Structure formats: C-alpha cells, structure tokens
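The values are calculated or read from the model by the stated rules, or taken from the named source; none is laboratory data. Please read all numbers here as calculations on a predicted model, not as lab measurements. Here the Cβ is made from the backbone with ideal geometry for all residues, glycine too, and neighbour counts use every protein chain on show. Ligands, DNA and RNA are excluded from the accessible area calculation, which covers all protein heavy atoms including side chains. Shrake-Rupley method; radii C 1.70, N 1.55, O 1.52, S 1.80 Å.
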Amino acid sequence: MSHYLALIVDDEPDIRELLEITLNRMKIDTLSAENIASAKALLQDNKFNLCLTDMKLPDGDGLGLVDFIQTQHSHLPVAVITAHGNTETAVKAMKTGAFDFLSKPVDLQSLRQLVNSALKLSSPAARERRSRDTLLGESEAMRYIRSKIAKVARSQAPVFISGESGSGKELVARQIHKQSPRNDQPFIAVNCGAIPHELVESEFFGHKKGSFTGAHSDKEGLFQAAEGGTLFLDEVGDLPAALQVKLLRAIQEKKIRPVGGYQEISTDVRILSATHQDLAKMVQEGHFRQDLFYRINVIELIVPPLRERREDIPKLAQHFLENITGKSGLPKPKLSNDAITALKQYLFPGNVRELENILERAIALFDGDIIESTDLNLPDLVSPPSPSPSSKPQDQIQGSLENYLEEIEKQAISEALEQNKWNKTATAKQLGLTFRSLRYRLKKLGLE
C-alpha cells in the first residue's frame, strides 16, 4: 500500500485508465469516479491527497467540483484537465482555487511533475511555514498579505504582484516561493527592464551554438535555470512586444524553444510577476498584450505602500537598525520618540526601501547613542494635520495626501456599490478589482 491516495474524476474510461496506470506506477493508489455525484461520495468516505478532474462531466461542470473541494476539503489540491488550448477555462479553474491544470492530450511528464508538486502539500511542514519574521508588521494590511500568501503558495497559478517602488514586491514573491511545494527548487528573479531588447529572447529561453553572432556555445535560459522552481518577472511591463508573444505561449503550453533550436523543451516553472506601473492602463493603451495580462494576472496581490501601514514603522526601523549595525559591527543606536514621530508623519514615496536608506544614512553621519529627528534629514514631505470633515476637496489637497486619496477611493467605491445595489461581485467587476481586493478595501475604508 502506498502512503498516498488520488481521486480521478473523468467520464472517459480511456482517460481514467491512463491516469490510473501512471499514478499506480508512481506508487500512488487511486479511486475513480465518472461524475460529480460519485466523486462527492468518494470524498466523503476517503481521505485523498490529490484530485484530478475533467472539466466536462455528465452531471455538471468541473468548476463546481473545484469549488466544492475548496469549501469542504480546503487542504486537498485539485488539478483540472482541460481541452487543448482552452486557456480561459484553465484560468477560471485556478481563480476558483484549482492547484494547476493539464491540457488534453495529457502529457505524462507534465502529469508526473504536477502530481509530485501536489503531494508535497500533504506535508504538515508545508502548511506551517510562517512569513511573520520576514514580512514584518502587525498592521491589518500586513496580516492580510501574509494570509493571502499562505493561500496562493498552495497553488501553481501565476500571481501578479502590484505595488509602488520599494514596497517589497520581490520579498512577497520570495515568500510565496518559500511557502510553496517548490521551496527546495530555484527561485530566479529577473528585472525585465534591465535586459537589452536584442538579448531578451536568448536570456529567457536560451540559445543554441551558432544561432547568432557571438553564440559560441549552447546556453540555458531563465526558464531552464528555474526548472522545478519559480521564475519572478520584476517590472514585467518593460518586456518588448515580441517577447510578450513568446512568453504567453511558454506559460500556456509549458514549453519553450531556445533561439536556433528545432525542438521544444517541456518546462515546469511557476510564474510570479510584478510591476509598479499600471499594467491595466498599459493594456488599454496598447503597450502590453491583453491576453498575456489575463494569463499572468490569475491571482493578484496588492502590496500596500508604507504610508498605509504607519504603525509598522517602529518595528521595521528596529529591524533595519539591527541589520545595518550588525554588518558594520557598530553599537546599535536607538530612535528617539521625536524621530519615530517624524518617520510616522513622513509620506515615504520610496516606501520600505527608502526607510532603510534613511536609517543607513543617519547611522553613517551621526555620532551618539540616540538618533533624533534632525539626524534623519527627512525631505519636506510630511503629512500635515488631517482636514476637518467639512473640508471641500480643494482644501483636502492642502491637507494629508493619504486622507485625500482615501476619500477619493472611498467615494468611488461607494458610488459603484450604489450603482450595483451593493452587489459586491458586480462592483468589483465594474472597478476592475478582484473580489478579495474589493473586500480588503471595504474593510480598510470602513465601508463594510
């Protein structure tokens, strides 16, 4: 007897047999169902480690089964089997909560890779990893981010991380990888804007010897370097149009072709991407492919700016002070109350990265045990007192930038809720937000 049990749901006997034989050879026991009703009965009577389900079943849609498993068996990874090239269905399934997808005809190598990744989620250690010590802060925004990371880490779905420069997008990406079943494989980060356009295809997919001038030997690309692990595309909005087309195909087909190569290579890579740009606006303006945006934005994570979680500043500052002085061997100074107040009032356009730079500069220039507010040399970008409730929008501009922006956001969301008769799903769609993102904003703005 094996330690694992898989549920296979498909109304085609040949497909069920193929999946059963493949999994049995991997020493995984299987039980099969030909429809959703039978699958639910088996789920009730057995403890499964994995579920593979077809999308079209005699008594319903495979998405319904995915949703049922997410609700009733939340720790059970479920992968869907879709018709060839049906990207939209695969994306819907992963948005619903599917772990991953396979296209027909089923590629056995891809199937084995998927199964091995899914089974790692059965390990208790995979569920108990925490990010509290890395993503510091006890603000509501940071607790939300950490909980979201724990959920998306269990999936293979592409994640799009948006946020201002310096807010910690790469740190979030690394935590997703660290808490995922891919954590023992490579995490490869690449700044898409730093690669010369003439070399970008070779950098991503590799090249064969002699494929172009200067190609003196075969070279692996980023996809091969990240095999089995995670590829993080920072500033993905800077990718040239020609590469966007090939990246889309690589994500959809899970195959790449090196420059100068004649054969495609199967890849097993999870894609995380990030940018500080408004990618949706770039799509509208024709600077970024809509189909690629749709494919990398299966799950969205919004990293809050530091000014929206000011209560985390003292803990972050302490962490940076310890890191900076630890590297230099200098005694760790303390921040005075005035210095902490000044930091909390500062707008931080450069976010967490700017906070670290400010403290590093202060330590280098001052001499003493206590860092005062004057030692921080903060620019004149602090928040004035909040405006009164009776203030007009023109007056609010002169007041706190944070409060002014929150008021605009609050008004826009309130109007959309009224227009949609407080239907949150319709409101999120109208505003171009995910349902979870809308829920977070409603809670933050006190509209729930």
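Details
- Cβ-Cβ contacts under 6 Å between residues 6 or more apart (or on different chains), taken from a first residue in the range 194-213 that is over 18 Å from TYR262 (Cα atoms) to a second residue that is among the aliphatic types (A, V, I, L, M), are listed as VAL200/LEU243.
- Filtering GLN263, GLN277, GLN252 for residues that are part of a helix (DSSP H, G or I) and either touching a residue at least 40 places away in the same chain (Cβ under 8 Å) or over 28 Å from GLY163 (Cα atoms) (or both) leaves a single hit, GLN252.
- The requirement of being part of a helix (DSSP H, G or I), modelled with pLDDT of 85 or more and surrounded by fewer than 19 Cβ atoms within 10 Å (Cβ to Cβ) is fulfilled nowhere in the range 121-137; no residue meets it.
- Pair list, Cβ < 6 Å and 6+ apart or interchain, from the range 346-366 residues that are touching a residue at least 40 places away in the same chain (Cβ under 8 Å) and more than 20 Å from THR134 (Cβ to Cβ) to residues that are open to solvent by 40 Å² or more (accessible area, probe 1.4 Å) and of a type outside the set (Val, Ile, Thr): LEU347/LEU381
- Of the residues making up the range 268-300, those that are under 20 Å from the mean Cα position of the chain (by Cα), charged (D, E, K, R) and open to solvent by 20 Å² or more (accessible area, probe 1.4 Å) are ASP268, ASP278, LYS281, ARG289, ASP291, GLU300.
- Flag if ALA6 is small (Gly, Ala, Ser) and in contact with a Ser or Thr (Cβ under 7 Å, 6 or more places away or on another chain): yes
- In the range 395-419, the residues that are modelled with pLDDT of 80 or more and surrounded by fewer than 17 Cβ atoms within 10 Å (Cβ to Cβ): ALA412, SER414, GLU415, GLN419
- Filter result for ASP234 (open to solvent by less than 40 Å² (accessible area, probe 1.4 Å), among the charged types (D, E, K, R) and either over 20 Å from LEU292 (Cα atoms) or in contact (Cβ under 8 Å) with a residue 40 or more places away in the chain (or both)): yes
- Filtered residues of the range 150-174 (kept if part of a loop (DSSP other than H, G, I, E, B) and without any contact (Cβ under 8 Å) to a residue 60 or more places away in the chain): ALA153
- Of the residues in the range 251-267, not one is open to solvent by 30 Å² or more (accessible area, probe 1.4 Å), within 17 Å of GLU220 (Cβ to Cβ) and modelled with pLDDT of 90 or more.
- When restricted to residues that are small (Gly, Ala, Ser) and modelled with pLDDT under 90, the range 268-285 contains 1.
- Residue match in the range 18-37 (condition: at pLDDT below 90 and not acidic (Asp, Glu)): no
- Among the residues making up the range 175-224, a single one is of a type in the set (D, E, K, R), within 17 Å of the chain's Cα centre (by Cα) and either crowded, with 19+ Cβ neighbours inside 10 Å or assigned to a loop (DSSP other than H, G, I, E, B) (or both): ARG182.
Results for (1) crowded, with 19+ Cβ neighbours inside 10 Å; (2) farther than 25 Å from PRO181 by Cβ; (3) touching a residue at least 12 places away in the same chain (Cβ under 8 Å), shown as yes or no for each residue.
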site	(1), (2), (3)
ASP11	no, yes, yes
ASN35	no, yes, yes
GLN44	no, yes, no
GLY60	no, yes, yes
ALA79	yes, no, yes
THR82	yes, no, yes
VAL91	yes, no, yes
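- Selection within the range 322-344: residues that are part of a helix (DSSP H, G or I) and modelled with pLDDT of 90 or more. The member of this set that is most open to solvent (accessible area, probe 1.4 Å) is ASN337.
- Within the range 428-443, residues that are open to solvent by less than 40 Å² (accessible area, probe 1.4 Å) have Cβ atoms under 6 Å from residues that are part of a loop (DSSP other than H, G, I, E, B) in these pairs: LEU442/GLU448, counting only partners at least 6 apart in sequence or on another chain.
- Count of residues meeting criterion [hydroxyl-bearing (Ser, Thr, Tyr) and within 11 Å of VAL9 (Cβ to Cβ)] in the range 35-80: 2
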